[in-house]
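No lab work stands behind these numbers, since they all come straight from the coordinates. In this text the structure is predicted, and so the values were computed from the model without any measurement. For neighbour counting, all protein chains shown are included, and Cβ atoms are generated from backbone atoms with ideal geometry for every residue, glycine included.
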Amino acid sequence: MTRAALAFLVLALAAAPAAAQGLEHGGEGRVVEVIDGDTVVLGGGEEVRLVGMMAPTLSLGRAHVSTEPLAEEAKAALEDLVLGRVVTLGFGGERRDRHGRTLAHLHDEGGRWIQGAMIEAGLGRVYSFPDNRALVADMLALEMHARAEGRGLWANPYFAVLAADEDVPLDRFVVVEGVIADAADIDGRVYLNFGADWRSDFTVTIGRKAATVFADAGVDPLALAGARVRVRGWTTFRNGPMIELSHPEPLEVLDP
């Protein structure tokens, strides 16, 4: 799909207003610059990160960061949605990140939910945090629809959902599906193993602090042995590729 076609798609999908349910009103501002597919600047210089989603990464001159496929298209689509327009900020958790950026959901003057439009067009993936979990279920539903339709990044092999038993790349944000072969609590840390050999296979881990967040949400990860799940997060290496979870939403149960 061409850049122009993606921009048209994101505007078409954004046509229906989306209610800002459960969000705290955070004022308004005019977007004067779009930095990338999930970051804008308001008049007065306030930098706002579209919380709850991650667009394909732009290098932005950083030598250690590579531009991902569809990053330019995502930026262009966000420009078409908000550049020069007044947006309303809605807060659903922590209001600033460690870089000093405002963390907010954005709605335009017609009530269109900007995160929802980008995700449904396939120009962003759901990316949540334990202190900012508002509307995650809504975003996951929109992402699932975009993935099923093969829209945007979901048509590109770089962003494909990976099987837990295939090579999972390290130091990347990925989405992985598989069956949890075994679940164990070792000294307060939960390990969800996706293969017969925990020393080399893909694993998900949940630390003590995160386990409390899971418990508060009524989720028992130890009960998921044998379940087919979809998990997302940044990969590291520890006896094979591993994702550490800080809250339940990145772990979707597909088949209990």
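Exposure proxy ranking for I35, I206, based on other Cβ atoms within 10 angstrom of each Cβ and starting from the fewest, stands as I35, I206.
When GluC sites (Glu not before Pro) are flagged only if DSSP places them in a loop and at most 14 other Cβ atoms lie within 10 Å, the longest unflagged stretch of the chain comes out as 1-93. Against the chain, whose longest principal axis is taken from its Cα atoms, helix 71-82 shows a tilt of about 50°. Positive contributions from Lys and Arg (+1) and negative ones from Asp and Glu (-1), summed over other residues with Cβ under 12 Å from the Cβ of L58, come out at -3. Computing Rg/Rh (Cα atoms, Kirkwood Rh) directly from the structure and comparing it against (i) 0.98; (ii) 1.14; (iii) 0.95 singles out (i).
Below 8 Å, C-alpha to C-alpha, sequence gap of six or more: please give me the relative contact order for the chain in percent.
16 percent.
Helix 136-149 versus the longest principal axis of the chain: what angle, 0 to 90°, nearest 10, using Cα atoms? Value to nearest ten degrees: 90.
Counting only Cα atoms, the stretch 3-155 measures 37, 35, 31 Å along its principal axes, largest extent leading.
Across the alpha-carbon atoms of the stretch 161-255, the computed radius of gyration and Dmax are 11.9, 33 angstrom. Restricting the stretch 27-128 to trypsin sites (Lys or Arg not before Pro) that sit in a DSSP loop and have at most 16 other Cβ atoms within 10 Å of their own Cβ leaves R62, R85, R95, R98.
Result for the chain in a Gaussian network model with C-alpha springs under 10 Å: among G218, G90, G110, the largest mean-square fluctuation is at G218. Each label was represented as a point 7 Å from its Cα along the Cα-to-Cβ direction; for E177 and V161 these points are 0.3 nm apart.
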